[in-house]
1. Out of the residues in segment A:144-177 that are in contact with a strand residue (DSSP E or B) (Cβ under 9 Å, 6 or more places away or on another chain) and within 16 Å of DNA strand C (Cβ to nearest atom), which is farthest from A:PHE243 (Cα to Cα)?
2. Taking the residues in segment A:27-54 that are within 14 Å of DNA strand C (Cβ to nearest atom) and outside any helix (DSSP H, G or I) as candidates, determine which candidate is farthest from A:GLU90 (Cα to Cα).
3. Given the structure, is A:ARG215 more than 25 Å from A:ARG64 (Cα to Cα) and not in a loop (DSSP other than H, G, I, E, B)?
4. Can you name the number of the only condition in (1) more than 15 Å from A:MET1 (Cα to Cα); (2) part of a loop (DSSP other than H, G, I, E, B); (3) at pLDDT 95 or above that A:LEU299 fails?
5. Select from segment A:4-23 the residues that are of a type outside the set (Ser, Thr, Tyr) and within 8 Å of DNA strand B (Cβ to nearest atom) and list them in ascending order.
6. Would segment A:64-72 turn up any residue that is assigned to a strand (DSSP E or B), surrounded by 15 or more Cβ atoms within 10 Å (Cβ to Cβ) and touching a Phe, Trp or Tyr at 6+ places or on another chain (Cβ under 8 Å)?
7. For A:ASP147, only one of the following conditions fails: (1) within 16 Å of DNA strand B (Cβ to nearest atom); (2) touching a residue at least 12 places away in the same chain (Cβ under 8 Å); (3) not hydrophobic (A, V, I, L, M, F, W, C). What is its number?
8. All but one of (1) within 16 Å of DNA strand B (Cβ to nearest atom); (2) surrounded by 15 or more Cβ atoms within 10 Å (Cβ to Cβ); (3) not polar (S, T, N, Q) hold for A:LEU28; which doesn't?
Amino acid sequence: MLRLGLCCLFNQAPIHFRSATAKVIKKLDRPDQLVRLGELCLDNARSLIAAVEEVHRVGIGAFRVSSPLFPLYTHPEVGYRLEDLPTAVEVTATLIAVKSLKDKYQLRLSFHPDQFTLLSSPRPEVTTASLEELDYQAMLAVLIGADVINIHGGGVYGDKSSALLRLENQISALPEPIRERLTLENDDHSYTVKDLVPVCDKLSIPLVYDVHHHRCNPDGLTVAEATKACLLSWRKLGREPYFHISSPKYGWHGKPRPHADFIDRSDFPREWQQLDATIDVEAKAKELAVLKLQKELALPPWQPTSPRPGHNDTEEM
DNA sequence: GCATGTCAAGTTGTG
DNA sequence: CACAACTTGACATGC
């Protein structure tokens, strides 16, 4: 069965994640900073509970958690650790409650660090900051039971093969909580499925296939071929495959950039229809777009199935 | 109240 | 060479 996933935010449901700017936080002394940040983290952890409840309520099977759940966590000047916050105990308990809920509802949770997180840069300070960001997101992933932290290949720096080599070296040295969740995704201007398949193969990590990026940045593979290669990378590991879909706001001619409000039914690959896989829907109308596509594909609302006798769930994260 | 500009970070391609 | 584009929205500021 296919499950469609919602990315980070809601259109209709009154669920919001709070943020703060470093400029404002810096004006406070350290204890006040931690009080303020602690409030934001607790509010956001509670909003995550609400998000998981809402996703379940409307029949969506996966949710991508927004990266700044803990605002400014890895900021070089005002960054902090969970245990430094006055609300640490409550925040932790709330995130563990998220995990119980996602188990109960059989949801899939994931992270997608933004474009600043990349492991191919020749600049050590960029890599250091990225590793710190991955550490942070892995800590959250462990607490809430997310099985995916998905990143792009990063830059090319005029020489793709040495960039890929740096990427491989960094990934193979990752701490286990990150490495066992890390996935690579083809992007819309540098790294294609064709570029990433050998890397994922060598490192035994899965490949997230974004068909919109593939259409913007083709590599000679057909959608069917790219789908097959990506499926294999997940199935070798015994894990549920992961894809992304979106439609361009201004059509396919030229370089399509911004995401449309909804998914155009004809952009959804036929090859995906019968799979057991997660498809994140990247569309501005958020849960409305997920539900509309779900309906157009004649998929039933996602709901937990009763456990099958003899079925062993211990490998689930 | 409401409109508008700002926000930590990297890299690439455009104008 | 500056700046928009990448998953956009929330917040601060100023009227």
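The values are calculated or read from the model by the stated rules, or taken from the named source; none is laboratory data. What you see is a predicted model, and the numbers here were worked out from it, not measured in a lab. Virtual Cβ from ideal backbone geometry, glycine too; neighbours counted across all protein chains shown.
1. A:GLY153
2. A:LYS27
3. no
4. Answer for A:LEU299: the failing condition is (1).
5. Listed by number, the residues that qualify are A:ALA20, A:ALA22, A:LYS23.
6. Yes: segment A:64-72 contains one or more residues that are assigned to a strand (DSSP E or B), surrounded by 15 or more Cβ atoms within 10 Å (Cβ to Cβ) and touching a Phe, Trp or Tyr at 6+ places or on another chain (Cβ under 8 Å).
7. (1)
8. Condition not satisfied by A:LEU28: (2).
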